[in-house]
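Input: a single structure, listed below in structure tokens.
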2 protein chains.
Amino acid sequence: MGVMSYFKSPDAIKAFFEREGQKVVYDKNQTFVRPDDPRPWVYVLQEGLVAASFNFENGTKCILGYFIPNTVFAQNRSFYENDGGGLEYTTVTKAVIYRLHRDTFLKQVENDPAFNREYLHNVSQFRIFTTDRAICLAENRIHNRCIRWLMLMANYYSEPVGKGSRIIIPFTQGTIAEFLSVSRESVSKVIHSLVQDGHISIHRKQITITNVARLRDLLEA
Amino acid sequence: MGVMSYFKSPDAIKAFFEREGQKVVYDKNQTFVRPDDPRPWVYVLQEGLVAASFNFENGTKCILGYFIPNTVFAQNRSFYENDGGGLEYTTVTKAVIYRLHRDTFLKQVENDPAFNREYLHNVSQFRIFTTDRAICLAENRIHNRCIRWLMLMANYYSEPVGKGSRIIIPFTQGTIAEFLSVSRESVSKVIHSLVQDGHISIHRKQITITNVARLRDLLEA
């Protein structure tokens, strides 16, 4: 559990990006990758928080995940032409990012065993995260979808605080709704009851889960 | 497009599994990986079709994806303790599978560059697939979710037939519903209208998409 044990710090990758890459700094709320942007960058986030989201035809948006420091991520279609693309990346806070051209990146994956190992780990972890993410969205009942969201946050984006776990991503009811692809009203109701029952507490945009081990028991059969 | 260009045949991996692995043959409808099964296998599917699904607390099931020949896949928690697990793998048809112990597999990933390249490609493609899968589930409107299901099938699991594309996975309305995590009744209605309007045709369990390039236009704003 906890962030650091999960997305392990990719030291060889970071060192290479800091040496060979281009440093870019974005203010908060900047969309720096658009769905059809053709530039073939690979990124390492050094500081800050980035949301990856998808825009539907009717203008609603679903946040699929977040990049936290030390994660490696690529532009749509950087590696594969048949990557459906369509994701956009937006800074949630001010972000410091290093970027490298795909070709330079892939050459290093080929030639540096430590770099290769870290990248394979990174991709594998994202694969597991995205599977858990899909399971969360496959849950039809809003109450259970909210519980699975908390389980996901506990597993991938949290740090221990006392006996609880604090989610390191700031959430409003609006962003929870965008993450769960449901209406703000229905999220509001579930969140209210979780707070009332003492399962979570919210201070500004910081959510603390009282007891991660007991989340699973809150799933309704 | 098309299966073969997408999940490229991992020749080095296949040769290694055929030489070092254990060959297992399963009849159709056999669940050979259960959510809490601790055995650390890595698999290559040689022949047949395997569904990966998740069971919810209320007994409903969501099919997350399919493994087709030449894909490499691992048991829950084979690689990472924090893999939430919970997926089960079930044969859809008779399947011929090679399996290897995780440690043997990972050693080969370290030591054989061709093996490494193919495995990284495989994991990356699954990562992209799973993102598209999550986007499909994030779509709330049943009509659009069905269209995104067809787009997903066209992109990952189809072969050209005449001017159309045939989905290589047999689907009933029940399995479409399990894939989309919606009721069979609502799927039935959308499928019926897609057939009526000539966008798809169904022969036994084989679905042919008339014009893949026009699927996107069917998404309702």
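The values are calculated or read from the model by the stated rules, or taken from the named source; none is laboratory data. Fair warning: this is a prediction, and the values are worked out from it, not measured in the lab. In this analysis, Cβ positions are derived from the backbone assuming ideal geometry, glycine residues included, and neighbour counts consider all displayed protein chains. Keep in mind that these areas ignore ligands, DNA and RNA; they rest on the heavy atoms of the full protein, side chains included. Shrake-Rupley method; radii C 1.70, N 1.55, O 1.52, S 1.80 Å.
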Estimated distance in nm for a label pair at B:His192 and A:Glu47, the labels positioned 7 Å out from Cα along Cα-to-Cβ | 6.0
With a 1.4 Å probe and every protein chain kept in, tell me what percent of the accessible surface of segment B:141-218 is carbon plus sulfur.
-> 50
The set of residues whose placed amide H lies less than 5 Å from the amide H of A:Ile200, leaving out same-chain residues fewer than 5 positions away, is A:Val195, A:Thr210
Would you work out what percent of the accessible area of segment A:3-135, with all protein chains in place, is carbon or sulfur (probe 1.4 Å)?
-> 47
Sequence-distant or interchain residues sharing an amide H contact under 5 Å with A:Ile207, placed H: which?
-> A:Ile167, A:Phe171
Inter-chain shielding metric for A:103-110, i.e. average beta-carbon neighbours from other chains within 10 angstrom, reads 1
List the distances, in nm to one decimal, from the label point of B:Gly59 to the label points of the same position in every other copy, shortest first, placing each label point 7 Å from Cα along the Cα-to-Cβ direction.
-> 4.3
In degrees from 0 to 90, rounded to the nearest 10, what is the angle of the helix A:113-138 Cα long axis to the longest principal axis of chain A?
-> 30
Shielding of B:136-149 by partners, i.e. mean partner chain Cβ atoms within 10 Å per residue?
-> 4
From the label point of A:Gln30, set 7 Å from Cα along Cα→Cβ, how far away are the matching label points in the other copies, in nm, ordered shortest to longest?
-> 5.6
When the helices in chain A are scored as -39500 (n - 2.57) per DSSP H run of 4 or longer and the sum is shared across all residues, what 222 nm value do you end up with, to the nearest 500 deg cm²/dmol?
-> -12000 deg cm²/dmol
What accessible area per residue comes out for chain A, rounded to a whole number of Å², with a 1.4 Å probe?
-> 44
Taking a probe of 1.4 Å and counting only protein heavy atoms, give the total accessible area buried between chains A and B in Å², rounded to the nearest 100.
-> 4100
Taking a 19 Å limit on the Cα-Cα distance, which of the listed pairs B:Lys28/B:Lys189; A:Lys23/A:Lys205; B:Lys14/B:Lys107; B:Lys28/B:Lys205; A:Lys28/A:Lys205 fall beyond it?
-> B:Lys28/B:Lys189; A:Lys23/A:Lys205
Can you check what the net charge comes to around B:Val96, using other residues whose Cβ is under 14 Å from the Cβ of B:Val96 (Lys, Arg +1; Asp, Glu -1)?
-> +2
Degrees, to the nearest 10: A:184-196 long Cα axis against longest axis of chain A = 70
Averaged over the residues of B:58-65, the number of partner chain Cβ atoms within 10 Å of each residue's own Cβ comes to 3
Here D for segment A:3-135, in µm²/s, from Stokes-Einstein with a Kirkwood Rh over Cα pairs at 10 °C and 1.306 mPa s, works out to 105
Rg and Dmax of the protein assembly as shown, Cα atoms, in Å?
-> 21.4, 63
Whole-number D in µm²/s for segment B:72-176 (Stokes-Einstein; Kirkwood sum over Cα pairs; 10 °C, 1.306 mPa s) = 96
Could you work out how far helix A:102-111 tilts from the main Cα principal axis of chain A, as a 0 to 90 degree angle to the nearest 10?
-> 80
Counting Lys +1, Arg +1, Asp -1, Glu -1, what net charge surrounds B:Ser53 among other residues with beta carbon under 13 Å of its beta carbon?
-> +1
Please state the equivalent ellipsoid semi-axes for segment B:141-218: what are the square roots of 5 times the Cα gyration tensor eigenvalues, largest first, in whole Å?
-> 18, 13, 12
Considering only A:His143, A:Leu100, A:Pro35, whose Cα is most displaced toward the positive end of the charge dipole of chain A, charges sitting on Cβ of Lys, Arg (+1) and Asp, Glu (-1)?
-> A:His143
In whole Hz, with x marking every Gly and Pro, tabulate ³J(HN,Hα) for segment B:202-207 from phi via Karplus 6.51 cos²θ - 1.76 cosθ + 1.60, θ = phi - 60°.
-> 10, 10, 6, 9, 9, 9
Amide H neighbours of A:Val33 at under 5 Å, excluding residues fewer than 5 places away on the same chain, with H built from the backbone geometry, are A:Tyr89
